Every structure is written in C-alpha cells, then in structure tokens.
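**Q** Okay, handing you the structure first.
The values are calculated or read from the model by the stated rules, or taken from the named source; none is laboratory data. Everything numeric in this text was worked out from a predicted model, so none of it was measured. Neighbour counts run over all protein chains shown; Cβ positions are idealised from the backbone, glycine included. Heavy atoms of the whole protein, side chains included, go into the accessibility calculation; ligands, DNA and RNA do not. Shrake-Rupley method; radii C 1.70, N 1.55, O 1.52, S 1.80 Å.
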Amino acid sequence: MTEKLFNVAEVAGTPLCVGAEDGETVFAVLKNALASGEECDVSFAGVEMLTSAFLNTAFGQLYGAFPEDLIRAKLRIRDMSEDDKALLKRVNDTAKLYYKDPDRMERSAQEILGDD
Amino acid sequence: MKLDPNDSRSFHEFIRTALIEHPSLPHLSVGLKKKIQEAIFEIFVNAQTHSGVPYIFTCGQFFPKKHKIEFTITDMGQGFRQNFWRRFERDVAPEKAIEWAMVSGNTTKVGVPGGIGLAILKEFAAKNNGKIQIVSDAGFYQWDADGQHLSRFSCPFPGTIVNVQFRTDDRNSYSLVGEASTDDIF
C-alpha cells in the first residue's frame, strides 16, 4: 500500500483556492490516487483562502466516484484550521446527501414553484 | 472596480488593500477579517460560476460612524431566474429564484454538489447582525435581523447585484475550535 502527500495549493497552482476550476484540478489528482488504491495525506499548508465552491469540486465530487467508506479510509487532512475543517465537513456532508438523493433538487425546485 | 471574474489574485489584492487592511478601518479580530473575506469570496465565485460574463464590477465603502462596511458585486450576466430555467426548464418568479438559491444545498449546477456559498453568507450575516440585498432580473431579496423580505421591481435589472453589509463592531468570536475533528471530516 503506497501513501502520498498532496499539497492542495501546489496542486491547484495557487494559494487562493476559491474557483471551481482549480478545484477540478485537485479532484482529478485525488480521484487518480484513490482509483490506484493509494492512501493520501492532503495538506492545506500555504492555502490563503478557501471557498465552498473550490471544496465542492475538489472533495465533494469524490462522493460521486467512490464509496464513503473508501474515502474515509484513504484520505487524511493536514495543516488545516479548525474553521476550514468545519467548512470541508459541511461540503462533504452536503455532497453525501446530493449523491444519495439525486431527486432532491427537483423536489426542492417543485416546492418553490408550488409556492409561486 | 472592473475585474475579470477569473482573476482571483487581483480581486484578493483589491479586497485586502482597499478594504480589510485599509488604515481607516477599526481593529477587527483575525476571525472577523477572515469571515468577511470568505463571505466576499463566496459572492465573487458565485458570479464567476453563474454569470457567464467577462467582467464583474465591485465597490465598497466603510461608514465609521455607523460601524459598517457595504460591499457590492455586480455582473451583467445570467441571473438567478435564468439559471433556474436552464437547470429545470421551468419559469419561476425572479424573487423566488433568489429565495431558492439561498437555501443550503440548492444549486443549479448539474452533476456537482454545491449550493452552500450563499447559505454561508446568510449565516455569517445573521451572526454579524449584517444585511444581504440581492437584485436579479426583476427580483429583490433582502435578509437582515428582521428576517427575509421579497419583492419585485416593475423593470428588470439585466444582471445581478449582491450587496452585503458587515458590522465592524461585531464582538462575536469566530473561532470554531473543536467543531470538526480530523477523524470525522469524511
């Protein structure tokens, strides 16, 4: 079993981890690593700014590609502030719901249309 | 200021020098500064993701006697109603499209989870005793300490304006130490 260390700012190519496109770059790297069975230490050292949009594409999308248990077993987070960890956890929890219940968005749209 | 919505570096520099580290601002805690910057970036990225236009416009002002910052980001692209239509192929009242997008987890993106940014902005405004105002198409949405207010203009605005008011006399702690351990993030 191999273990890899990824630095999010280095993979994204910027310390401002805000845009969805940069998140896609991180997602592609993590997806390849998980698909190869690697364990990954993911470091946020050097990251100056984070948004939910970046984390959604970088990490949230992993739940559409891999089982939750595998992600939990293979990924470890380092060098992240407590409030950024709370944001990442919220992103991941939202992503789990999104993939578990793909019709939820349609139902939610129908509810607001029903209110109209 | 006119900005390329993909130029995060220039935008970061702008909010840092013209706002967060401006000498006229009172002392803000590190946590509050971080939360204000994050909230502004969530709006910036929302415009980047959804407007589909080459430029956004941004401005802000600090009101020292009122202890508040007003910060606005405007784009002339697709608004909330248009994005709702593109995603669901159903027409919704413009103010209702904004209300829908403010709910945590609601997103018009396809195949990618999301819809947290505006909810985070609203939660921060609640804690900070601030205010959010959004104009998109003919819809108007406001959220403040008195709650949510929706209305409709007689003439639509051809884009989206997001105005946020931050209180600088906020003494809340924004430290979230211990809320998420490294073990239960995934």
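**Q** Given a 1.4 angstrom probe, what's the average accessible area per residue across chain A, in square angstrom? Write out the running numbers ahead of the final one.
**A** Details: 5080 Å² over 116 residues.
That works out to 44 Å² for each residue.
**Q** Tell me the angle of helix A:20-35 to the major Cα principal axis of chain A, expressed in degrees between 0 and 90 and rounded to the nearest ten.
**A** Helix A:20-35 sits at roughly 70 degrees to that axis.
**Q** Here is a further query. In Å² (nearest 100), what accessible area is buried between A and B, both sides summed, heavy protein atoms only, 1.4 Å probe? List each step's numbers first, then the result.
**A** Values: alone 7110 and 10490 Å², together 13550 Å².
Adding both sides of the contact gives about 4100 Å².
**Q** Determine the dipole magnitude for chain B: charges of +1 sit on the beta-carbon of Lys and Arg, -1 on that of Asp and Glu, nothing else is charged, the reference point is the Cα centre, and the result goes in debye to the nearest 20. Could the numbers behind the result be given before it?
**A** Numbers: 21 positive and 21 negative charges, 70 e Å.
Using only the charged Cβ atoms, the result is roughly 340 debye.
**Q** Okay, next question. How much net charge surrounds A:P67 when only other residues with a Cβ under 15 Å from its Cβ are counted (Lys, Arg +1; Asp, Glu -1)?
**A** Values: positive: A:K31, A:R72, A:K74, A:K96, A:K100; negative: A:E68, A:D69.
Once positives and negatives cancel, what remains is +3.
**Q** Do any residues of region A:53-75 lose at least 50 Å² of accessible area when the full set of protein chains is present rather than just their chain alone, and if so which, with a 1.4 Å probe?
**A** Buried by the other chains: A:N56.
**Q** What residues of region A:41-56 lie in the reach of a label at A:E10, counting those whose backbone N is under 19 Å from a point 7 Å from the Cα along Cα→Cβ?
**A** Label zone hits: A:41-49.
**Q** Okay, moving on. Which lysines have a Cα lying under 28 Å from the Cα of B:K34, excluding residues fewer than 8 positions away in the same chain?
**A** Once the sequence-local lysines are set aside, what remains near B:K34 is A:K85, A:K89, A:K96, B:K2, B:K65, B:K66, B:K68, B:K109, B:K122, B:K127, B:K131.
**Q** Compare the Cα positions of B:W100, B:H12, B:P156 along the charge dipole of chain B (+1 at Cβ of Lys, Arg; -1 at Cβ of Asp, Glu; about the Cα centre) and return the one farthest towards the positive end.
**A** B:P156
**Q** Please compute the alpha carbon radius of gyration of region B:76-186, then divide it by the globular-protein estimate 2.2 N^0.38 Å. Two decimals is fine.
**A** 1.22
**Q** A further question follows. Quick one, what does Rg over Rh come out to for region A:1-92 if you take C-alpha atoms and the Kirkwood Rh?
**A** Working: Rg = 11.8 Å, Rh = 12.9 Å.
My calculation puts Rg/Rh at 0.92.
**Q** Now for a different question. Would you tally the net charge around B:R152, using a Cβ to Cβ cut-off of less than 10 Å, leaving B:R152 out, and scoring K and R as +1, D and E as -1?
**A** Details: positive: B:K96; negative: B:E95, B:D137.
Cβ neighbours under 10 Å give a net charge of -1.
**Q** Taking a ≥ b ≥ c as the square roots of the Cα gyration tensor eigenvalues, with a/c under 1.5 meaning rounded and otherwise prolate when a/b beats b/c, else oblate, which class fits the protein assembly as shown? All intermediate terms of the calculation are to be shown ahead of the outcome.
**A** Values: a/c = 1.77, a/b = 1.24, b/c = 1.43.
Oblate, since a/c reaches 1.5 and b/c is not below a/b.
**Q** Indicate the residues belonging to region B:33-47 that lose 40 Å² or more of solvent-accessible heavy-atom surface (probe 1.4 Å) upon moving from the chain alone to the assembly of all protein chains, ignoring ligands and nucleic acids.
**A** B:K34, B:E38, B:F41, B:E42, B:V45
**Q** Now a separate question. Using alpha carbons only, how many degrees (0 to 90, rounded to 10) separate the axis of helix A:104-115 from the longest principal axis of chain A?
**A** The two axes meet at around 40 degrees.
**Q** A follow-up question, please. Just the accessible area per residue of region B:10-170, please: how many Å² with a 1.4 Å probe? Walk me through the numbers on the way to the answer.
**A** Numbers: 6800 Å² over 161 residues.
I get 42 Å² per residue for region B:10-170.
**Q** Another question, then. Leaving out ligands, DNA and RNA, what percent of the accessible area of the protein assembly as shown is carbon and sulfur, probe 1.4 Å? Spell out each step's value before the answer.
**A** Details: 6830 of 13550 Å².
Carbon and sulfur: 50 percent of the exposed surface of the protein assembly as shown.
**Q** Oh, and also: Work out, step by step, the length gained on full extension between A:E3 and A:E24: first 0.36 nm times the residue separation, then minus their alpha carbon distance; give nm to one decimal.
**A** Stretched fully, the A:E3-A:E24 segment lengthens by 5.4 nm.
**Q** Determine one quarter of the surface area of the Cα convex hull of chain B, which equals its mean projected area, and express it in nm² to one decimal. Before the final figure, lay out each step's value.
**A** Working: hull surface 47.3 nm².
Across all orientations, chain B yields a mean hull projection of 11.8 nm².
**Q** Going 7 Å from the Cα of B:D4 in the Cα-to-Cβ direction, what parts of region B:27-62 have a backbone nitrogen less than 14 Å from that spot?
**A** In region B:27-62, the label zone of B:D4 (backbone N under 14 Å from the point 7 Å along Cα→Cβ) covers B:53-56.
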